[in-house]
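Right, one structure below, let's go through it.
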Amino acid sequence: MFETDVVIIGAGAAGLMCAATAGQRGRRVVLVDHSTKLAEKIRISGGGRCNFTNLNIHPDCYISNNPHFVKSALKQYTQHDFIGMVYQHGLTFHEKTLGQLFCDQNSDGIIQMLKDEVAKGEVTWRMGTSITSVVAAEAGGFIVETSQETWHCQSLVIATGGLSIPQIGATAFGYEIAKQFGLNIVPQSAALVPLTFQPEDLWPELAGVAIEKAVVSCQNQQFREAILFTHKGVSGPAILQISSYWQPGELIEIDLIPDLDLQDFFANASRDALLSTVLSDVLPKRFVQVWLQTKGEVKPLKQYSTKVLQELEQQLHHWQVKPSGTVGYKKAEVTRGGVDTDELLSKTMMARKVPGLYFIGEVVDVTGWLGGYNFQWAWSSGYVAGLNI
Ligand code: FDA
(Lines give C-alpha, C1' and ligand atoms only; values in the text may rest on other atoms or scores of the structure.)
Protein backbone atom coordinates (compact mmCIF):
# COMPACT_ATOMS: atom_id res chain seq x y z
CA MET A 1 0.00 0.00 0.00
CA PHE A 2 1.28 3.46 -0.96
CA GLU A 3 1.03 6.51 1.27
CA THR A 4 -0.10 9.94 0.10
CA ASP A 5 -1.73 13.01 1.63
CA VAL A 6 -4.65 13.31 -0.76
CA VAL A 7 -6.51 11.18 -3.30
CA ILE A 8 -8.82 13.05 -5.66
CA ILE A 9 -11.25 10.90 -7.65
CA GLY A 10 -12.33 12.60 -10.89
CA ALA A 11 -10.00 14.68 -13.07
CA GLY A 12 -12.67 17.01 -14.48
CA ALA A 13 -13.02 20.73 -13.89
CA ALA A 14 -13.31 20.59 -10.09
CA GLY A 15 -10.77 17.77 -9.59
CA LEU A 16 -8.09 19.50 -11.69
CA MET A 17 -8.56 22.78 -9.84
CA CYS A 18 -8.41 21.04 -6.49
CA ALA A 19 -5.31 19.01 -7.44
CA ALA A 20 -3.46 22.12 -8.66
CA THR A 21 -4.32 24.08 -5.50
CA ALA A 22 -3.38 21.33 -3.05
CA GLY A 23 -0.28 20.28 -5.01
CA GLN A 24 1.04 23.84 -5.10
CA ARG A 25 0.62 23.97 -1.31
CA GLY A 26 3.07 21.08 -1.10
CA ARG A 27 0.51 18.34 -0.49
CA ARG A 28 1.22 14.95 -2.06
CA VAL A 29 -1.75 14.47 -4.40
CA VAL A 30 -2.86 11.49 -6.46
CA LEU A 31 -5.47 12.31 -9.12
CA VAL A 32 -7.43 9.29 -10.35
CA ASP A 33 -9.89 9.10 -13.25
CA HIS A 34 -11.38 6.06 -14.95
CA SER A 35 -11.34 7.79 -18.31
CA THR A 36 -8.25 7.70 -20.50
CA LYS A 37 -9.18 11.08 -21.97
CA LEU A 38 -8.69 14.12 -19.77
CA ALA A 39 -11.54 16.53 -18.93
CA GLU A 40 -13.87 15.53 -21.73
CA LYS A 41 -16.64 17.80 -20.44
CA ILE A 42 -14.38 20.83 -20.62
CA ARG A 43 -13.42 19.77 -24.13
CA ILE A 44 -17.03 19.65 -25.39
CA SER A 45 -18.21 22.65 -23.39
CA GLY A 46 -19.54 25.78 -25.05
CA GLY A 47 -19.54 23.98 -28.39
CA GLY A 48 -15.78 23.33 -27.96
CA ARG A 49 -15.03 26.93 -27.00
CA CYS A 50 -15.53 26.60 -23.24
CA ASN A 51 -17.69 29.22 -21.61
CA PHE A 52 -15.34 29.09 -18.63
CA THR A 53 -17.01 31.62 -16.34
CA ASN A 54 -19.43 34.54 -16.23
CA LEU A 55 -18.77 38.17 -15.33
CA ASN A 56 -22.04 38.26 -13.34
CA ILE A 57 -21.54 35.34 -10.95
CA HIS A 58 -24.03 35.66 -8.10
CA PRO A 59 -25.40 33.13 -5.56
CA ASP A 60 -28.93 33.71 -6.97
CA CYS A 61 -27.79 32.04 -10.17
CA TYR A 62 -27.44 28.68 -8.44
CA ILE A 63 -30.13 26.15 -7.47
CA SER A 64 -29.62 24.21 -4.26
CA ASN A 65 -31.75 23.15 -1.28
CA ASN A 66 -29.65 25.66 0.65
CA PRO A 67 -29.31 28.76 -1.55
CA HIS A 68 -26.69 30.26 0.81
CA PHE A 69 -24.31 27.31 0.54
CA VAL A 70 -22.44 28.56 -2.54
CA LYS A 71 -21.61 31.96 -1.06
CA SER A 72 -18.41 31.06 0.77
CA ALA A 73 -16.66 29.21 -2.06
CA LEU A 74 -17.73 31.76 -4.69
CA LYS A 75 -16.32 34.52 -2.49
CA GLN A 76 -13.06 32.73 -1.71
CA TYR A 77 -12.37 32.09 -5.40
CA THR A 78 -14.19 34.45 -7.74
CA GLN A 79 -14.61 34.65 -11.50
CA HIS A 80 -11.91 37.36 -11.43
CA ASP A 81 -9.45 34.93 -9.82
CA PHE A 82 -10.03 32.48 -12.63
CA ILE A 83 -9.82 35.23 -15.26
CA GLY A 84 -6.49 36.23 -13.66
CA MET A 85 -5.19 32.69 -14.18
CA VAL A 86 -6.38 32.74 -17.79
CA TYR A 87 -4.41 35.98 -18.35
CA GLN A 88 -1.31 34.58 -16.63
CA HIS A 89 -1.28 31.70 -19.09
CA GLY A 90 -1.40 34.06 -22.05
CA LEU A 91 -4.90 32.98 -23.07
CA THR A 92 -7.41 35.43 -24.47
CA PHE A 93 -11.18 35.44 -24.32
CA HIS A 94 -14.27 37.36 -25.31
CA GLU A 95 -17.70 38.03 -23.87
CA LYS A 96 -20.36 36.50 -26.05
CA THR A 97 -23.54 37.64 -24.34
CA LEU A 98 -24.87 38.18 -20.80
CA GLY A 99 -21.39 38.14 -19.25
CA GLN A 100 -20.50 34.73 -20.72
CA LEU A 101 -16.74 34.43 -21.29
CA PHE A 102 -15.42 32.12 -24.00
CA CYS A 103 -11.79 31.17 -24.55
CA ASP A 104 -10.30 32.27 -27.89
CA GLN A 105 -7.94 29.29 -27.73
CA ASN A 106 -10.97 26.99 -27.33
CA SER A 107 -11.42 24.35 -24.65
CA ASP A 108 -7.95 22.97 -25.36
CA GLY A 109 -6.46 26.23 -24.07
CA ILE A 110 -8.29 25.90 -20.74
CA ILE A 111 -7.41 22.20 -20.41
CA GLN A 112 -3.72 22.88 -21.12
CA MET A 113 -3.75 25.70 -18.55
CA LEU A 114 -5.18 23.38 -15.90
CA LYS A 115 -2.70 20.64 -16.83
CA ASP A 116 0.17 23.12 -16.41
CA GLU A 117 -1.19 24.22 -13.02
CA VAL A 118 -1.48 20.57 -11.93
CA ALA A 119 2.09 19.93 -13.14
CA LYS A 120 3.33 22.85 -10.97
CA GLY A 121 1.86 21.00 -8.01
CA GLU A 122 3.75 17.78 -8.94
CA VAL A 123 0.57 15.79 -8.81
CA THR A 124 0.65 12.04 -9.52
CA TRP A 125 -1.72 11.19 -12.38
CA ARG A 126 -3.66 7.95 -12.66
CA MET A 127 -5.81 8.17 -15.78
CA GLY A 128 -7.65 5.09 -17.08
CA THR A 129 -7.77 3.82 -13.51
CA SER A 130 -10.94 2.53 -11.89
CA ILE A 131 -11.72 2.54 -8.21
CA THR A 132 -12.47 -0.88 -6.77
CA SER A 133 -13.14 0.14 -3.16
CA VAL A 134 -13.00 3.04 -0.72
CA VAL A 135 -13.03 2.44 3.03
CA ALA A 136 -12.24 4.45 6.15
CA ALA A 137 -8.86 3.30 7.56
CA GLU A 138 -8.83 2.18 11.19
CA ALA A 139 -5.84 4.41 11.92
CA GLY A 140 -7.57 7.41 10.31
CA GLY A 141 -7.88 8.56 6.73
CA PHE A 142 -9.04 6.37 3.85
CA ILE A 143 -7.89 3.34 1.88
CA VAL A 144 -8.55 3.68 -1.82
CA GLU A 145 -8.11 0.53 -3.87
CA THR A 146 -7.73 1.12 -7.60
CA SER A 147 -7.22 -1.13 -10.62
CA GLN A 148 -3.50 -0.23 -10.40
CA GLU A 149 -2.55 -0.01 -6.71
CA THR A 150 -3.86 0.78 -3.21
CA TRP A 151 -3.40 4.16 -1.58
CA HIS A 152 -3.73 5.29 2.01
CA CYS A 153 -4.55 9.00 2.29
CA GLN A 154 -5.56 11.49 4.96
CA SER A 155 -7.96 13.37 2.69
CA LEU A 156 -10.22 11.98 0.02
CA VAL A 157 -11.92 14.28 -2.51
CA ILE A 158 -14.84 13.11 -4.62
CA ALA A 159 -15.01 15.12 -7.87
CA THR A 160 -16.79 12.65 -10.13
CA GLY A 161 -19.43 15.08 -11.42
CA GLY A 162 -23.08 14.39 -12.22
CA LEU A 163 -24.97 11.95 -14.42
CA SER A 164 -25.16 13.94 -17.63
CA ILE A 165 -23.57 12.59 -20.80
CA PRO A 166 -22.89 8.98 -19.66
CA GLN A 167 -21.37 8.40 -23.14
CA ILE A 168 -18.23 10.27 -21.99
CA GLY A 169 -17.82 8.68 -18.59
CA ALA A 170 -20.41 10.13 -16.18
CA THR A 171 -21.23 7.72 -13.35
CA ALA A 172 -23.16 7.70 -10.10
CA PHE A 173 -19.93 6.94 -8.21
CA GLY A 174 -19.95 10.12 -6.12
CA TYR A 175 -23.49 9.55 -4.90
CA GLU A 176 -22.67 5.93 -4.03
CA ILE A 177 -19.66 6.99 -1.94
CA ALA A 178 -21.80 9.61 -0.18
CA LYS A 179 -24.39 6.95 0.65
CA GLN A 180 -21.69 4.53 1.80
CA PHE A 181 -20.58 7.13 4.35
CA GLY A 182 -24.16 7.82 5.47
CA LEU A 183 -24.62 11.20 3.73
CA ASN A 184 -27.99 12.29 2.41
CA ILE A 185 -28.52 12.75 -1.32
CA VAL A 186 -30.98 15.19 -2.88
CA PRO A 187 -32.81 13.33 -5.71
CA GLN A 188 -31.24 14.02 -9.09
CA SER A 189 -32.76 15.01 -12.41
CA ALA A 190 -31.50 16.22 -15.77
CA ALA A 191 -31.10 20.02 -15.92
CA LEU A 192 -30.15 22.56 -18.59
CA VAL A 193 -31.90 20.17 -20.91
CA PRO A 194 -34.39 20.46 -23.82
CA LEU A 195 -38.03 19.85 -22.88
CA THR A 196 -40.26 17.37 -24.70
CA PHE A 197 -43.95 17.72 -25.56
CA GLN A 198 -46.73 15.44 -26.73
CA PRO A 199 -47.36 16.13 -30.45
CA GLU A 200 -50.92 17.25 -29.64
CA ASP A 201 -49.56 19.92 -27.25
CA LEU A 202 -47.00 21.33 -29.62
CA TRP A 203 -46.98 21.11 -33.37
CA PRO A 204 -44.15 19.04 -34.89
CA GLU A 205 -44.38 21.31 -37.98
CA LEU A 206 -42.60 23.95 -35.90
CA ALA A 207 -39.34 21.94 -35.77
CA GLY A 208 -36.44 24.20 -36.71
CA VAL A 209 -38.23 27.49 -36.00
CA ALA A 210 -36.29 29.83 -33.68
CA ILE A 211 -37.68 32.81 -31.81
CA GLU A 212 -34.76 35.07 -30.99
CA LYS A 213 -36.28 36.82 -28.01
CA ALA A 214 -38.85 35.12 -25.77
CA VAL A 215 -39.46 35.18 -22.04
CA VAL A 216 -39.97 31.73 -20.54
CA SER A 217 -41.27 31.43 -16.97
CA CYS A 218 -41.95 28.77 -14.37
CA GLN A 219 -41.67 28.66 -10.56
CA ASN A 220 -41.32 32.46 -10.27
CA GLN A 221 -38.23 32.39 -12.47
CA GLN A 222 -38.03 33.81 -15.94
CA PHE A 223 -35.40 33.87 -18.65
CA ARG A 224 -35.31 36.17 -21.65
CA GLU A 225 -33.41 34.51 -24.46
CA ALA A 226 -33.95 32.54 -27.65
CA ILE A 227 -36.10 29.42 -27.95
CA LEU A 228 -35.85 26.79 -30.65
CA PHE A 229 -38.57 24.32 -31.64
CA THR A 230 -37.34 20.77 -32.21
CA HIS A 231 -38.96 17.56 -33.46
CA LYS A 232 -39.60 16.48 -29.89
CA GLY A 233 -40.29 19.78 -28.15
CA VAL A 234 -38.44 23.01 -27.38
CA SER A 235 -34.80 23.88 -26.76
CA GLY A 236 -32.67 27.04 -26.91
CA PRO A 237 -31.07 28.94 -24.01
CA ALA A 238 -34.29 30.21 -22.39
CA ILE A 239 -35.74 26.69 -22.31
CA LEU A 240 -32.51 25.10 -21.03
CA GLN A 241 -32.48 27.66 -18.21
CA ILE A 242 -36.10 27.09 -17.21
CA SER A 243 -35.69 23.29 -17.38
CA SER A 244 -33.57 23.51 -14.21
CA TYR A 245 -36.58 24.92 -12.34
CA TRP A 246 -39.36 22.94 -14.02
CA GLN A 247 -40.93 20.01 -12.17
CA PRO A 248 -42.86 17.22 -13.98
CA GLY A 249 -46.54 18.07 -14.36
CA GLU A 250 -46.03 21.85 -14.26
CA LEU A 251 -46.89 24.30 -17.02
CA ILE A 252 -44.36 26.71 -18.44
CA GLU A 253 -45.38 30.08 -19.81
CA ILE A 254 -43.81 31.59 -22.90
CA ASP A 255 -44.10 35.24 -23.85
CA LEU A 256 -43.49 35.07 -27.59
CA ILE A 257 -43.58 38.83 -28.14
CA PRO A 258 -42.03 40.35 -25.00
CA ASP A 259 -42.19 44.15 -24.68
CA LEU A 260 -44.51 44.44 -27.69
CA ASP A 261 -47.85 46.22 -27.40
CA LEU A 262 -49.54 44.30 -30.20
CA GLN A 263 -52.60 46.59 -30.34
CA ASP A 264 -50.31 49.58 -30.96
CA PHE A 265 -48.52 47.58 -33.60
CA PHE A 266 -51.82 46.65 -35.29
CA ALA A 267 -52.91 50.29 -35.17
CA ASN A 268 -49.90 51.21 -37.34
CA ALA A 269 -50.23 48.25 -39.71
CA SER A 270 -52.10 48.16 -43.02
CA ARG A 271 -55.75 47.32 -42.22
CA ASP A 272 -56.08 45.50 -45.57
CA ALA A 273 -53.14 43.16 -44.98
CA LEU A 274 -53.79 39.59 -43.87
CA LEU A 275 -53.31 38.99 -40.14
CA SER A 276 -50.63 36.39 -40.98
CA THR A 277 -48.68 38.98 -43.01
CA VAL A 278 -48.87 41.55 -40.20
CA LEU A 279 -47.80 39.06 -37.54
CA SER A 280 -44.91 37.84 -39.69
CA ASP A 281 -43.25 41.20 -39.04
CA VAL A 282 -42.83 40.28 -35.37
CA LEU A 283 -42.64 36.48 -35.39
CA PRO A 284 -41.16 33.88 -37.79
CA LYS A 285 -43.46 33.28 -40.75
CA ARG A 286 -43.69 29.52 -40.21
CA PHE A 287 -44.59 30.01 -36.58
CA VAL A 288 -47.37 32.44 -37.54
CA GLN A 289 -48.76 30.03 -40.15
CA VAL A 290 -48.85 27.10 -37.74
CA TRP A 291 -50.19 29.19 -34.85
CA LEU A 292 -53.02 30.66 -36.94
CA GLN A 293 -54.04 27.21 -38.28
CA THR A 294 -55.81 26.62 -34.99
CA LYS A 295 -57.72 29.91 -35.16
CA GLY A 296 -59.85 29.40 -38.27
CA GLU A 297 -59.70 31.22 -41.61
CA VAL A 298 -57.02 33.93 -41.85
CA LYS A 299 -58.59 37.26 -42.84
CA PRO A 300 -57.44 40.85 -43.41
CA LEU A 301 -56.72 42.70 -40.18
CA LYS A 302 -59.76 44.99 -40.54
CA GLN A 303 -62.13 42.01 -40.36
CA TYR A 304 -61.11 41.08 -36.80
CA SER A 305 -62.85 42.62 -33.81
CA THR A 306 -60.76 44.41 -31.19
CA LYS A 307 -61.76 41.72 -28.69
CA VAL A 308 -60.39 38.92 -30.91
CA LEU A 309 -57.14 40.83 -31.50
CA GLN A 310 -56.78 41.46 -27.77
CA GLU A 311 -57.30 37.75 -27.08
CA LEU A 312 -54.67 36.92 -29.66
CA GLU A 313 -52.23 39.29 -27.98
CA GLN A 314 -53.00 37.73 -24.62
CA GLN A 315 -52.28 34.25 -26.01
CA LEU A 316 -48.97 35.34 -27.57
CA HIS A 317 -47.83 37.00 -24.33
CA HIS A 318 -48.99 34.13 -22.10
CA TRP A 319 -48.66 30.90 -24.07
CA GLN A 320 -48.96 28.09 -21.53
CA VAL A 321 -47.66 24.67 -22.44
CA LYS A 322 -47.15 21.52 -20.41
CA PRO A 323 -43.91 19.66 -21.16
CA SER A 324 -44.22 15.87 -21.07
CA GLY A 325 -40.63 15.53 -19.84
CA THR A 326 -37.03 16.22 -20.81
CA VAL A 327 -34.73 14.55 -23.30
CA GLY A 328 -32.77 13.22 -20.29
CA TYR A 329 -29.16 12.83 -19.24
CA LYS A 330 -27.96 11.98 -22.76
CA LYS A 331 -28.39 15.64 -23.71
CA ALA A 332 -28.50 17.43 -20.34
CA GLU A 333 -25.63 19.83 -19.59
CA VAL A 334 -25.86 19.21 -15.86
CA THR A 335 -27.52 17.23 -13.09
CA ARG A 336 -29.76 18.90 -10.55
CA GLY A 337 -29.57 17.46 -7.00
CA GLY A 338 -26.69 15.48 -5.54
CA VAL A 339 -24.85 15.39 -2.22
CA ASP A 340 -26.98 17.36 0.25
CA THR A 341 -25.27 20.64 1.11
CA ASP A 342 -26.45 20.23 4.74
CA GLU A 343 -23.90 17.41 4.94
CA LEU A 344 -20.98 19.66 3.94
CA LEU A 345 -19.12 22.63 5.42
CA SER A 346 -19.50 25.45 2.92
CA LYS A 347 -16.09 26.96 3.75
CA THR A 348 -14.12 23.82 2.94
CA MET A 349 -16.51 21.35 1.23
CA MET A 350 -15.66 18.71 3.87
CA ALA A 351 -18.37 16.33 5.07
CA ARG A 352 -19.48 17.38 8.55
CA LYS A 353 -19.67 13.84 9.88
CA VAL A 354 -16.73 12.29 7.99
CA PRO A 355 -13.58 14.36 8.63
CA GLY A 356 -11.22 14.20 5.66
CA LEU A 357 -13.92 13.39 3.08
CA TYR A 358 -14.68 16.20 0.58
CA PHE A 359 -17.20 16.61 -2.27
CA ILE A 360 -16.69 19.26 -4.95
CA GLY A 361 -18.18 20.32 -8.28
CA GLU A 362 -21.34 19.01 -9.84
CA VAL A 363 -21.68 15.95 -7.56
CA VAL A 364 -22.89 18.40 -4.89
CA ASP A 365 -26.50 19.66 -4.85
CA VAL A 366 -25.54 22.91 -6.58
CA THR A 367 -26.72 23.62 -10.13
CA GLY A 368 -25.73 26.79 -11.92
CA TRP A 369 -27.45 28.66 -14.70
CA LEU A 370 -26.36 28.26 -18.28
CA GLY A 371 -23.49 30.60 -19.15
CA GLY A 372 -20.29 29.64 -17.30
CA TYR A 373 -21.87 29.36 -13.84
CA ASN A 374 -21.28 25.63 -13.53
CA PHE A 375 -17.59 25.84 -14.34
CA GLN A 376 -17.21 28.69 -11.85
CA TRP A 377 -18.77 26.44 -9.20
CA ALA A 378 -16.29 23.70 -10.14
CA TRP A 379 -13.32 26.12 -9.92
CA SER A 380 -14.48 27.72 -6.65
CA SER A 381 -15.44 24.52 -4.82
CA GLY A 382 -12.29 22.77 -6.11
CA TYR A 383 -10.11 25.63 -4.94
CA VAL A 384 -11.50 25.82 -1.39
CA ALA A 385 -11.20 22.07 -0.92
CA GLY A 386 -7.65 22.30 -2.32
CA LEU A 387 -6.79 24.86 0.35
CA ASN A 388 -8.00 22.64 3.15
CA ILE A 389 -6.97 19.08 2.29
P1 FDA B 1 -16.80 16.66 -14.58
O2 FDA B 1 -17.91 15.92 -15.20
O3 FDA B 1 -16.14 17.75 -15.30
O4 FDA B 1 -15.65 15.63 -14.16
C5 FDA B 1 -15.92 14.42 -13.53
C6 FDA B 1 -14.77 13.49 -13.78
O7 FDA B 1 -14.96 12.33 -12.96
C8 FDA B 1 -14.69 13.02 -15.22
O9 FDA B 1 -13.38 13.18 -15.70
C10 FDA B 1 -15.08 11.54 -15.15
O11 FDA B 1 -14.38 10.74 -16.11
C12 FDA B 1 -14.66 11.17 -13.73
N13 FDA B 1 -15.39 10.05 -13.18
C14 FDA B 1 -16.73 9.85 -13.18
N15 FDA B 1 -17.02 8.67 -12.58
C16 FDA B 1 -15.85 8.14 -12.19
C17 FDA B 1 -15.50 6.94 -11.52
N18 FDA B 1 -16.44 6.05 -11.16
N19 FDA B 1 -14.20 6.68 -11.28
C20 FDA B 1 -13.23 7.57 -11.66
N21 FDA B 1 -13.50 8.72 -12.31
C22 FDA B 1 -14.81 9.00 -12.55
N23 FDA B 1 -20.55 24.54 -17.88
C24 FDA B 1 -20.14 25.82 -18.02
O25 FDA B 1 -19.98 26.50 -17.00
N26 FDA B 1 -19.89 26.34 -19.25
C27 FDA B 1 -20.06 25.62 -20.40
O28 FDA B 1 -19.77 26.09 -21.52
C29 FDA B 1 -20.56 24.30 -20.29
N30 FDA B 1 -20.83 23.56 -21.38
C31 FDA B 1 -21.27 22.27 -21.25
C32 FDA B 1 -21.54 21.51 -22.39
C33 FDA B 1 -21.97 20.20 -22.26
C34 FDA B 1 -22.32 19.42 -23.49
C35 FDA B 1 -22.07 19.62 -20.97
C36 FDA B 1 -22.45 18.17 -20.81
C37 FDA B 1 -21.79 20.36 -19.84
C38 FDA B 1 -21.41 21.69 -19.96
N39 FDA B 1 -21.16 22.47 -18.84
C40 FDA B 1 -20.75 23.77 -18.99
C41 FDA B 1 -21.26 21.90 -17.48
C42 FDA B 1 -19.85 21.55 -16.95
O43 FDA B 1 -19.18 20.79 -17.93
C44 FDA B 1 -19.93 20.76 -15.65
O45 FDA B 1 -20.77 21.40 -14.73
C46 FDA B 1 -18.53 20.61 -15.04
O47 FDA B 1 -17.71 19.90 -15.94
C48 FDA B 1 -18.61 19.87 -13.72
O49 FDA B 1 -17.29 19.67 -13.26
P50 FDA B 1 -16.95 18.43 -12.33
O51 FDA B 1 -15.48 18.44 -12.17
O52 FDA B 1 -17.80 18.42 -11.14
O53 FDA B 1 -17.38 17.15 -13.19
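A few points about this structure:
- Tally of residues being in a strand (DSSP E or B) and within 12 Å of the ligand (Cβ to nearest atom) across the stretch 164-191: 2
- Strands (runs of 3 or more DSSP E) contained in the stretch 37-123 and holding at least 1 residues of a type in the set (A, V, I, L, M) and touching a His at 6+ places or on another chain (Cβ under 9 Å): 100-103
- Set Gly161, Gly249: member being surrounded by 23 or more Cβ atoms within 10 Å (Cβ to Cβ), of a type outside the set (A, V, I, L, M) and either in contact with a Cys (Cβ under 9 Å, 6 or more places away or on another chain) or in a loop (DSSP other than H, G, I, E, B) (or both): Gly161
- Taking the listed residues Glu117, Glu122, Glu145, the one that is acidic (Asp, Glu) and either surrounded by fewer than 13 Cβ atoms within 10 Å (Cβ to Cβ) or modelled with pLDDT under 95 (or both) is Glu122, with no other qualifying.
- Residues of the stretch 40-67 satisfying the condition of being open to solvent by 10 Å² or more (accessible area, probe 1.4 Å) and near the ligand (Cβ under 9 Å from one of its atoms): Glu40, Lys41, Ile44, Ser45, Gly46, Gly47, Arg49, Asn51
- Residue in the stretch 17-33 that is within 8 Å of the ligand (Cβ to nearest atom), open to solvent by 20 Å² or more (accessible area, probe 1.4 Å) and touching a residue at least 24 places away in the same chain (Cβ under 8 Å) present: yes
- Looking only at residues in the stretch 224-239 that are outside any strand (DSSP E or B) and touching a residue at least 60 places away in the same chain (Cβ under 8 Å), the one that is surrounded by the fewest Cβ atoms within 10 Å (Cβ to Cβ) is Lys232.
- Of the residues Gln293, Gln315, Gln263, the single one that is on the phi < 0 side of the Ramachandran plot and open to solvent by 80 Å² or more (accessible area, probe 1.4 Å) is Gln293.
Residues checked against (1) over 30 Å from Met127 (Cα atoms); (2) part of a helix (DSSP H, G or I); (3) away from the ligand (no atom under 12 Å from the Cβ):
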residue	(1), (2), (3)
Val193	no, no, no
Glu200	yes, no, yes
Val216	yes, no, yes
Gln222	yes, no, yes
Gln241	yes, yes, yes
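- Subset of the stretch 313-339 [within 16 Å of the ligand (Cβ to nearest atom) and in a loop (DSSP other than H, G, I, E, B)]: Val327, Gly328, Tyr329, Lys330, Lys331, Ala332, Glu333
The values are calculated or read from the model by the stated rules, or taken from the named source; none is laboratory data. Being a predicted model, the structure only gives us computed values, none of them experimental. Virtual Cβ from ideal backbone geometry, glycine too; neighbours counted across all protein chains shown. Accessible surface areas use protein heavy atoms only, side chains included; no ligands, DNA or RNA. Shrake-Rupley method; radii C 1.70, N 1.55, O 1.52, S 1.80 Å.
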